[in-house]
2 protein chains.
Amino acid sequence: MGITEIPGGVTKAKGFKASSAAAGIKYKERTDMAMIFSEAPCTAAGTFTSNMVKAAPVIWDRDIVYGGHPVQAVVVNSGIANAGCGEEGMLICEKTADAVSEALGIEKEAVLIGSTGVIGQDIDIEKIKGGVKLLVPALKDTLEAGTEASKAIMTTDTVNKECAVSFELPAKDGSGNVTVFLGGMSKGSGMIHPNMCTMLGYITTDAAIDKALLQKALSDVVPDTFNMISVDGDTSTNDTLLVMANGLSGNQCILEEDGSYQLFKEALFYVCRNLAVKMAADGEGATKLIEVYVKNADTKENARTLARSVVSSSLVKAMVFGKDANCGRILCALGYAGPVFDPAVIQIDLTGENGTVNFYSAGRVQAFDEELALKLLSEDKIHIDVDMAEGTEEATAWGCDLTFDYVTINADYRS
Amino acid sequence: MGITEIPGGVTKAKGFKASSAAAGIKYKERTDMAMIFSEAPCTAAGTFTSNMVKAAPVIWDRDIVYGGHPVQAVVVNSGIANAGCGEEGMLICEKTADAVSEALGIEKEAVLIGSTGVIGQDIDIEKIKGGVKLLVPALKDTLEAGTEASKAIMTTDTVNKECAVSFELPAKDGSGNVTVFLGGMSKGSGMIHPNMCTMLGYITTDAAIDKALLQKALSDVVPDTFNMISVDGDTSTNDTLLVMANGLSGNQCILEEDGSYQLFKEALFYVCRNLAVKMAADGEGATKLIEVYVKNADTKENARTLARSVVSSSLVKAMVFGKDANCGRILCALGYAGPVFDPAVIQIDLTGENGTVNFYSAGRVQAFDEELALKLLSEDKIHIDVDMAEGTEEATAWGCDLTFDYVTINADYRS
């Protein structure tokens, strides 16, 4: 009874359809709106940006999800973030929901909204309305429709990001097991940092699960997945991660923290980590994925803090880009992370397909094989292994290198 | 009775001499060692890196300064940091102090040591000894000697950094006032962040002042000067700021927090801020100085946190490099800084020699004159003014833009 990764994204689970459209909101000659629709009303859970400045769609979604209203559709635009737009921003959400509600024949409160792009520019509601008119008749339950939706929400992303899994849960009619699907899509490339990144993430499942447990599973999974990736240390105004569960798989509804809940949570963790790592690898301008694994820390939170500090360090990121085995920078980033530790006992290794190089141990930087280090730093994924030698807790953080292209992309993002 | 900026650095105050030498520790064809010597023993104060991993010279200096031993000389090398080198690192300090002690005929405990450069490489003590032999006979009290010393401690710095001031204090013999000098030099360009940067800073004064008050003045001044600059968010293993006071000006020794103390502290603040801003402006690869002034915050600490968050944001830094008036990023960086505030009341302006542009007010990003914004973003110094409209506290932070050259410098720092 394990979890199997399968092709697909938001349309893999039963009863979910998706579509995309070119509404010309900001981008030309590409799709910039996506819709997800569920045939049946969904239980929803979400986590939202911790930024004091919240985009209008974040406030809209939060009120609906935390208010407990069942949801049935999500509509997303890329290009403009609808953040920092005052009252006007909320009005745009209201009108967007109206248009979707009318076109789909569902309640306005069943419509979730997502926006990503430039902060402070106004969205032209007529373009949104035009987009909705294209999206509704185009809704399809094919995997391709899900893929096209994941492409429409991209901004500086270079690849679309999808993941889906299947697993078995007891059927509600007692007739053995049913297959449950859980799949998702996300976007996010710049302005990415722990505590919900400028990321939009949408996960759909045909599992039946109690709303409070769905939220608990999501909240438990985020600290070790989406909150462990960093591209540039900036936490966006628009971060949103939503899960919609429509129950159409026919499983016995998950009502307590039993084995079914654990398996569901494991599936959710799998998809969230998969999407999170894809976002880190596709960081703006990135050429490499950096994975920092901290083990034997005294507390879970310290393990997370230390791993994130290394993966967020500009100097470590630039060093990886330059394939320069300057391990003092890793040591330095651990040192300023916050947690108290003894530099005399920790160990730092660089590992990869070509072998392992011990950078630091026995209280000092070690002489190492420069040629092997260069080989390891030339791999697509850079794995840094840190042993704190003080406890049993562990955490992994993901990030990417700092490149010329990151600067290029962000020196002129608005145009 | 004000403070006057005058030419000079560490040799401006009476009784201080400096020298520099090319010891070939790592760099070729340039000076890489500097010495400061005081004819009279000095009261010393210092602040040191908060990094858990501390370079050997940091431990050496901290023990002497906090132990209360009077000091008379500082010897500094650039190129290798003597950090992450275990027991060997402390041994290097011991032997360095021995060499200086012997050559100058002073106690070993009167010798402070500074190192800056690559972490984890061993320093060749023979080269240090050779350098000391050159430094001692070259000691001079000229301004030029101070300038040459400030050049010898540079690493990726593109300009040397010096500042000196004079002010008047009551003479100890009651015969009116004497002129007191306070001057300093610092280096630091990369690995720079609040909480003491990879900076070395040395300040000399001929004021007579109680040791505890000297430390208090320094500790009070650092949070609003050196700790308010950021280049890349990395706090180094080697940060050291030292003040040496030899009392040779003939002023009545400052023994309490009276007017003389306040004036002394003001002079110290002036020099520290001047050196800090010079370091921010010379950030690795920087083309512009960014100054963020946060006013009307509810607490001093929140004002500092908000200002530092904006100046540290990679997206704000890249936007300044690209002269792209994407003010949503400033709003975003305030929002994730931590302090709770109401986005509906704050105001963000960009100001400069060419005028002022209101980016954000009345709860939303404002339409602004793009041409004027481009003019302002083309000035050498970018001033961002943030009004929190909730209290009376203020703070200023300094940083620099994120450029291609930053990446180039840090992609291959060791070579």
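Taken together, the values in this text are just the output of simple stated rules run on the coordinates, not laboratory data. What you see is a predicted model, and the numbers here were worked out from it, not measured in a lab. Reconstructed Cβ throughout: ideal geometry from the backbone, glycine too, with neighbour counts over all protein chains shown.
When only the Cβ of Lys, Arg, Asp and Glu is charged (+1, +1, -1, -1), the dipole of chain A relative to its Cα centre reaches about 680 debye.
Applying the Karplus relation 6.51 cos²θ - 1.76 cosθ + 1.60 with θ = phi - 60° to region A:367-377 yields 3J(HN,Hα) values of 5, 9, 6, 4, 5, 5, 4, 5, 4, 5, 6 Hz, where x marks Gly and Pro. Charged neighbours of B:Glu144, selected by a Cβ distance under 14 Å, balance to +1 (K, R count +1; D, E count -1). In summary, the convex hull built on the alpha carbon positions of region B:300-389 has an orientation-averaged projected area of 5.4 nm².
Axis between B and A by rotation; chain B residue with nearest Cβ and distance in whole Å recorded as B:Phe404, 3. Under a model in which nothing but the beta-carbon of Lys, Arg (+1) and Asp, Glu (-1) is charged, region B:289-411 shows a dipole of about 320 debye around its Cα centre.
With all projection directions averaged, the alpha carbon convex hull of region A:116-268 covers 10.4 nm². Of the GluC sites (Glu not before Pro) in region B:87-184, the ones in a loop by DSSP (not H, G, I, E or B) with at most 16 other beta carbons within 10 Å are B:Glu107. Comment: the Cα-to-Cβ extended label point of A:Cys253, at 7 Å, lies 8.1 nm from its counterparts in the other copies, nearest first.
Calculated mean residue ellipticity at 222 nm for chain B: -10000 deg cm²/dmol, from DSSP H runs with n ≥ 4 weighted as -39500 (n - 2.57), summed, divided by the residue count and rounded to 500. Under the combined filter of DSSP loop state and at most 14 neighbouring Cβ atoms within 10 Å, region B:1-106 retains these trypsin sites (Lys or Arg not before Pro): B:Lys28, B:Arg30. The aspartates and glutamates within cross-link reach of B:Lys133, meaning a Cα-to-Cα straight distance under 16 Å and a gap of 8 or more places when in the same chain, are B:Asp32, B:Asp98, B:Glu102, B:Asp124. For region B:11-122, the Kirkwood hydrodynamic radius from C-alpha pairs, put into Stokes-Einstein at 37 °C and a viscosity of 0.692 mPa s, yields a diffusion coefficient of 228 µm² per second. Comparing B:Ala280, B:Asn354, B:Cys42 along the charge dipole axis of chain B, the residue lying farthest to the positive side is B:Cys42, per the Cβ-charge model.
Computed from point charges on the beta carbon alone (+1 for Lys and Arg, -1 for Asp and Glu), the dipole magnitude for region B:231-317 about its Cα centre is near 320 Debye.
The amide H of B:Thr156, built 1.01 Å from its N in the peptide plane, has B:Gly190 as neighbours under 5 Å, considering only residues 5 or more places off or on other chains. For A:Leu374 and A:Arg30, the difference between the fully extended length at 0.36 nm per residue and the C-alpha to C-alpha distance is 119.9 nm.
Near A:Ser38: Cβ cut-off under 11 Å, other residues only, Lys/Arg at +1 and Asp/Glu at -1. The net charge is -1. For the residue pairs B:Lys54/B:Lys300; B:Lys95/B:Lys161; B:Lys26/B:Lys54; A:Lys26/A:Lys95; B:Lys12/B:Lys278; A:Lys12/A:Lys161, the C-alpha atoms sit more than 23 angstrom apart in B:Lys54/B:Lys300; B:Lys95/B:Lys161. Neighbours of A:Ala267, meaning other residues whose beta-carbon lies under 14 angstrom from its beta-carbon, give a summed charge of -2 when Lys and Arg score +1 and Asp and Glu score -1.
When the charge dipole of the protein assembly as shown is built from unit charges on Cβ atoms (+1 for Lys and Arg, -1 for Asp and Glu) and taken about the Cα centre, the candidate among A:Gly247, A:Thr31, A:Phe16 whose Cα reaches farthest toward its positive end is A:Thr31.
The value given for the protein assembly as shown is a Kirkwood hydrodynamic radius of 28.4 Å, derived from the mean inverse Cα-Cα separation. Taking one quarter of the surface of the convex hull spanned by the alpha-carbon atoms of chain B gives a direction-averaged projected area of 19.9 nm². Taking the label point 7 Å along Cα→Cβ, B:Gly24 and its counterparts in the other copies are spaced 7.2 nm apart, in ascending order. A:Glu266 label point (Cα plus 7 Å toward Cβ) to equivalent points in the other copies: 7.0 nm, shortest first.
For B:Cys163, A:Cys400, the sequence from fewest to most other C-beta atoms within 10 Å is B:Cys163, A:Cys400. When you filter the GluC sites (Glu not before Pro) in region A:318-415 for DSSP loop state and at most 16 other Cβ atoms inside 10 Å of their Cβ, you are left with A:Glu353, A:Glu379.
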